[in-house]
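Visitor: Questions regarding the structure given below will be posed in turn.
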Amino acid sequence: MRIPLSWLREYVDLPATQTGRDVQAKLISVGLEVETVEQLGADLKGPLVVGQVLTIEELEGFKKPIRFCTVDVGQANGTGEPQEVVCGARNFAVGDKVVVVLPGAVLPGGFAISARKTYGKVSHGMICSSDELGMGDDGTKGIIVLPPETEIGIDAIELLQLVDEVLDIAVTPDRGYALSLRGVAREAATAYGLSLRDPALLDVPAPNAYGYPVRVSDACGCDRFTARTVSGLDPEAHSPIWLRRRLQKAGMRPISLAVDVTNYVMLELGQPLHAYDRARVEGAIGVRRAEPGEKLTTLDGVERTLSDEDLVITDDRGPIGLAGVMGGANTEIDETDGTTTDVVIEAAHFDAISIARTARRHKLSSEASRRFERGVDPQAASAAAQRTVDLLVLLAGGTADAGVTEVIAPTAPHTITIPADHPDKVAGVAYGRETVVRRLQEVGCDVYGQDELNVTVPSWRSDLTDPNDLAEEVIRLEGYENLPSTLPKPPAGLGLTERQRLHRRIGRALAGAGYVEAPNYPFIGEQVFDQFNLAADDPKRRVVKLVNPLSDEEPALRTTLLPGLLGALRRNDGRGSHDLALFETGLVFHPREELKVAVRLPVDHRPTDEELAPLDEALPEQPRHAAVVLAGAREQAGWWGKGHPSDWADAIEAARILARESGTGLIVRKGQYGPWHPGRCAELAVVVDGAERVVGYAGELHPGVLKTLGLPARTCAMELNLDVLEQASAGLVKSPHISTFPVATQDVALVVDEGVPHADVEAALSEGAGELLESIRLFDVYENAEQLGEGRKSLAYALRFRAGDRTLTVDEASAARDAAVALAGSRTGAVLRA
Amino acid sequence: MSAPNKSYDPVEVETLKPEEIERMRDEALAAFAAADSLDALHEAKVAHTGPASPLALANREIGALPPHAKAEAGKRVGQARGAVNKALTGRQAELEAERDARVLVEEAVDVTLPYDRVPAGARHPLTTMMERVADVFVSMGYEVAEGPEVEAEWFNFDALNFTPDHPARQMQDTFFVEGPKGDHGESGVILRTHTSPVQARALLSRELPVYIVCPGRVYRTDELDATHTPVFHQIELLAVDEGLTMADLKGTLDHMVQSLFGADMKTRLRPNYFPFTEPSAEMDMLCYVCKGASVGNPDRPCRTCSSEGWIELGGCGMVNPRVLVACGVDPEKYSGFAFGFGIERMLMFRHNVEDMRDMVEGDVRFTRPFGMEI
């Protein structure tokens, strides 16, 4: 809501010294969000005067038509001689009154005016358009032609009210009343402790039977409808300068007198109005719900198909307006040929929810609907109608007809009972009863009672419904800035949960291992599943879809982190970072087997757990995943020697890091899945409650997939389900017993078939070695067909034996080693390397 | 060895003459002193102390002396050998020390060489910023609560007093999720537009009193540009207990900005409107850079707060009793306060991030400098 300060001063006697910034600060402190204060004409400097065009000489031979004019500016130029001015506009004639800027003046934007030679003539100033004066759009797209009665030579800065300050207020959805000068003036009056001249306090004639016939058949949708008529308007009458200027400053475009007046009254009182050309309305005006499928062409020229929830204004022919949103084209006040002489004025009050739904259904937000949605003062309707009538009579010479129609559904004022100290308890401040009562009265409430206050809220504050609403009024007017600062004492909390700590540990561990975190949007396109070689029945292909995605290319939510993370990898690679190790942890989304609707539960009491459970069942599964991707060098080459490219082993090691941080044993075995290289893919599993569960995959990605996705060769990836990993956690670490007896080390080299996994050999060795084995480590893998035979490989292990209670003898260690080798032999066919 | 010769005069034995012994000794000492390396010293050692050395040979002659002469000759030779061995040990230590010093010089390296073998990783500053803010409250006794990102409308809106037709609900630019009937018909499921549904979940599932914070990801249908992102992060706080007041809210906010930005920080509340709080307020913090000194002071403009003196943080207020009722909390007995703000914004003004896109694109050059903590 744009509030010109000069207009605001009409209702509150703000001290003359108060600037827009001062008023801004005051209004902010009482809760109006004044975002900016626009300084109109701040850099404007005269002389800027009214002149009358005496002669026009059309200059020939230029690319565009140019006029050389003489203009009578009275004594404003000091000589009384006609002012010679060159002008490129054409919308004026000899005898017109125009605005002339004289040499020495400065126009908005620092544009200094001096006599200068142009188009072969010397131009001593300029004839001005509204644009050049920073007045905003007036619809003329040319120079300003003033009313003929304007006096020659007078100051146009004053005449056009070019210097002003405009407060721009972002009105919150609860404060419909602040979408008016009246509402903002009330806040300003309270903030300054001044009295308000309420523009809605008008003498209004009592309704009678001679008014324009109105039939309201939906009293819930429309609880008040005032109709007034004015006859004999001068169709040639134009909005006076002051009216046009106020509309412009408030951000509206002047259109025609009748429309301008209704807009003006709406800005002043907050009551949306509509003026119908009486000649174009047939029969009684009605208010009803639309028939489904009924059509109406609104003022914006759009034909709209109506729903049976839309409230419409009708005449004998059918709908003539979308109630509270926009009028219809068929009864529009004529703007162009100026034939409207009689008008019907509508000042009605419509149900906020109904208007909100209609505006939303038709994607049509108007000045009227914005106000009705947020609450309009129903008691202001008659005053607004009266104000409109008065202005039309004043400005267009019409006659106010005696007939006054008012259809009013009875409503009781809203009363709230609160303990007198309720605001004190909410704020934590002892305001005392007197202050509470005074503040509520300033808001416009009627207050009765001692310890219990019966508070009747004013008709313009439909937002005040609950005790805390009243508390807020008191606290904001007493000043939020005066609230003390106290700290409550929460009970000792339990700190972070194990799960939360795990998520942090994982982030630190991966970052410590050189990975950079790259969180990505969860939006994906389903074509990625084909690119990932996922099987047709892969559960990851079932996605949660958005009704209104930002991009039709990515209408679904991710079931895997890899598309986003690989996108980040590609982006980095494209920007010249080629050695990359990225990670992400985040939610993925899997629809339930059966999709359900999450019903809207009541809010007037706590739903039962049985009622709440279906809400969660309507939500997709949202497990947290962790993923890494790698490309380029894992270890750089340097003065220390060669580097090392990131490879499948790094990806699998990342999974081991996560397992280690979650205190879980990770099972790594050969696997094959979707985007991974079939020969370089590990399936990752953990044991949860005695059952093995696959948690993810790691390794090098399939060269074909990399090519399709435009990713660097040998890109590697790992992804696993962190939630399952966490479930597999062994819990608290049990401290190992540390033996101080000496260690006995035995190395063995075993030859096995190429296809035998190290993990099997190691497991057999460990089991066979028995409890004397302290640790085992693979330290070499060797393949040499000549020495070992075709298709064979040698695995070399270091075994460390130690007892807790004695020094092991060589024989004991050797026996344990032999047992280990024997078991490995029987399990995997391993033989000691000769 | 010669056989004992009883008629022998030791003086007659040339090698045992005192001047001979002295000569042998002096020659040895000179040789050791002249040895300029451990190898040379070793040679001199063999020559002058070995079994074939003059002193060793002379020593052997002592046995041939008559008994009366043995003692004197023995003493003489013994003294000489003692002096030689001492000189040898001394020279040996000298040369070893020289060698050790030389080796240390030779082993010197260029310590300015880089060692970026595995470049450092880093956590994303949005993650660490959320943790840092959460930790302020965890240390006070608050717990961290979590909730789903795909959420039921009831939790996101209705339970928080956003009625179905309230303009505030329309202002949230919500992503809607398809239901059983595809994109026709409402599923009642959305991407949460704020972390506030966790308030309702916490009140429904936890014992009172409740003191929680909830950091997390939220979604609105804004296109990505320099100042907007459809996916962003908030942190939410909720306290519900007996007798909580707006002064407690103010104190908690003050405590937070002091913990994050310094002891002389404070907050400012301005009336505002949110359906789930009443009274509601917009919260600003004092500009931590200029501390307000740039206001009305064109000579010292502040880029962080655009010379406003205050930085807008987010929304807050007293939990609307209607929310308490919907979550089964007796508003006659309990009251509460809540606030929430955007992590991206805080990161932007705390670390001079100029473009929202830097925070969402995952460029390693942006993230690396933030390291492990923020």
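Visitor: If we only count helices (runs of 4 or more DSSP H) wholly inside the range B:297-374, which ones have 1 or more residues that are among the acidic types (Asp, Glu), within 9 Å of chain A (Cβ to nearest Cβ) and under 22 Å from residue A:34 (Cβ atoms)?
Guide: Once the helices (runs of 4 or more DSSP H) in the range B:297-374 are filtered for at least 1 residues that are among the acidic types (Asp, Glu), within 9 Å of chain A (Cβ to nearest Cβ) and under 22 Å from residue A:34 (Cβ atoms), nothing remains.
Visitor: Let me ask something else about it. Residue A:452 passes all but one of (1) charged (D, E, K, R); (2) over 35 Å from the mean Cα position of the chain (by Cα); (3) within 30 Å of residue B:212 (Cβ to Cβ); which number fails?
Guide: (3)
Visitor: Any idea which residue in the range A:526-574 is farthest from the chain's Cα centre (by Cα), counting only those that are at the interface with another protein chain (Cβ under 9 Å from one of its Cβ atoms) and of a type in the set (D, E, K, R)?
Guide: Step by step, filter the range A:526-574, then rank; the result is A:571.
Visitor: A further question follows. If residue B:141 passes every condition in (1) surrounded by fewer than 20 Cβ atoms within 10 Å (Cβ to Cβ); (2) among the small types (Gly, Ala, Ser); (3) within 26 Å of residue A:510 (Cβ to Cβ) but one, which one does it miss?
Guide: (3)
Visitor: Let me ask something additional. Among the residues of the range A:673-723 satisfying the criterion of being aromatic (Phe, Trp, Tyr) and assigned to a strand (DSSP E or B), which is surrounded by the fewest Cβ atoms within 10 Å (Cβ to Cβ)?
Guide: My answer is A:697.
Visitor: Out of all the residues in the range A:581-597, which are within 8 Å of chain B (Cβ to nearest Cβ), over 17 Å from residue B:360 (Cβ atoms) and in contact (Cβ under 8 Å) with a residue 60 or more places away in the chain?
Guide: A:581, A:589 - these are the residues of the range A:581-597 that are within 8 Å of chain B (Cβ to nearest Cβ), over 17 Å from residue B:360 (Cβ atoms) and in contact (Cβ under 8 Å) with a residue 60 or more places away in the chain.
Visitor: Based on this model, can you work out whether residue B:236 counts as among the charged types (D, E, K, R), part of a strand (DSSP E or B), more than 8 Å from chain A (Cβ to nearest Cβ) and over 19 Å from residue A:556 (Cβ atoms)?
Guide: yes
Visitor: Additional query: In contact with a Lys or Arg (Cβ under 9 Å, 6 or more places away or on another chain) and within 30 Å of residue B:246 (Cα to Cα): which single residue out of A:519, A:484 fits that description?
Guide: Matching residue, one of A:519, A:484: A:484.
Visitor: Something else about it: Out of A:44, A:107, I need the residue that is surrounded by 18 or more Cβ atoms within 10 Å (Cβ to Cβ), touching an Asp or Glu at 6+ places or on another chain (Cβ under 7 Å) and either without any contact (Cβ under 8 Å) to a residue 24 or more places away in the chain or not polar (S, T, N, Q) (or both). Which one?
Guide: A:107
Visitor: Criterion first (modelled with pLDDT under 95 and among the polar types (S, T, N, Q)) does residue A:622 satisfy it?
Guide: So residue A:622 fails the test.
Visitor: Now a separate question. Taking residue B:248 as meeting all but one of (1) facing chain A (nearest Cβ under 8 Å); (2) outside any helix (DSSP H, G or I); (3) surrounded by 22 or more Cβ atoms within 10 Å (Cβ to Cβ); (4) within 39 Å of the chain's Cα centre (by Cα), write down the number of the exception.
Guide: Every condition holds for residue B:248 apart from (2).
Visitor: To continue, here is another question. Can you name every one of the helices (runs of 4 or more DSSP H) wholly within the range B:36-119 that holds 3 or more residues which are of a type outside the set (A, V, I, L, M) and modelled with pLDDT under 85?
Guide: Where helices (runs of 4 or more DSSP H) fall fully within the range B:36-119 and carry at least 3 residues being of a type outside the set (A, V, I, L, M) and modelled with pLDDT under 85, they are B:54-61, B:67-106.
Visitor: Got a number for residues in the range B:156-197 being in a loop (DSSP other than H, G, I, E, B), surrounded by 17 or more Cβ atoms within 10 Å (Cβ to Cβ) and at pLDDT 85 or above?
Guide: Adding up the residues that qualify gives 13.
Visitor: Let me ask you something else. Could you go through the range A:550-560 and let me know if any residue there is crowded, with 20+ Cβ neighbours inside 10 Å, out of contact with any Cys (no Cβ under 7 Å at 6 or more places or on another chain) and among the polar types (S, T, N, Q).
Guide: Yes - at least one qualifying residue is present in the range A:550-560.
Visitor: Another question, then. How many residues does the range A:564-619 contain that are closer than 25 Å to residue A:721 by Cα, aliphatic (A, V, I, L, M) and part of a loop (DSSP other than H, G, I, E, B)?
Guide: Of the residues in the range A:564-619, 4 are closer than 25 Å to residue A:721 by Cα, aliphatic (A, V, I, L, M) and part of a loop (DSSP other than H, G, I, E, B).
Visitor: Run down A:63, A:26 and say which single residue is under 50 Å from the mean Cα position of the chain (by Cα), in a loop (DSSP other than H, G, I, E, B) and basic (Lys, Arg).
Guide: Criteria check complete, one pass: A:63.
Visitor: Those residues that are in contact with a Gly (Cβ under 9 Å, 6 or more places away or on another chain) and either part of a strand (DSSP E or B) or within 11 Å of another protein chain (Cβ to nearest Cβ) (or both), I need them from the range B:285-294; list them, please.
Guide: Selection gives B:286 alone.
Visitor: Same structure again: Of the residues A:682, A:713, which is free of Cβ contacts under 8 Å to residues at least 12 places away in the same chain and either aromatic (Phe, Trp, Tyr) or out of contact with any Cys (no Cβ under 7 Å at 6 or more places or on another chain) (or both)?
Guide: Answer to the check: A:713.
The values are calculated or read from the model by the stated rules, or taken from the named source; none is laboratory data. What you are looking at is a predicted structure, and each value in this text was computed from that prediction instead of being measured. In this analysis, Cβ positions are derived from the backbone assuming ideal geometry, glycine residues included, and neighbour counts consider all displayed protein chains.
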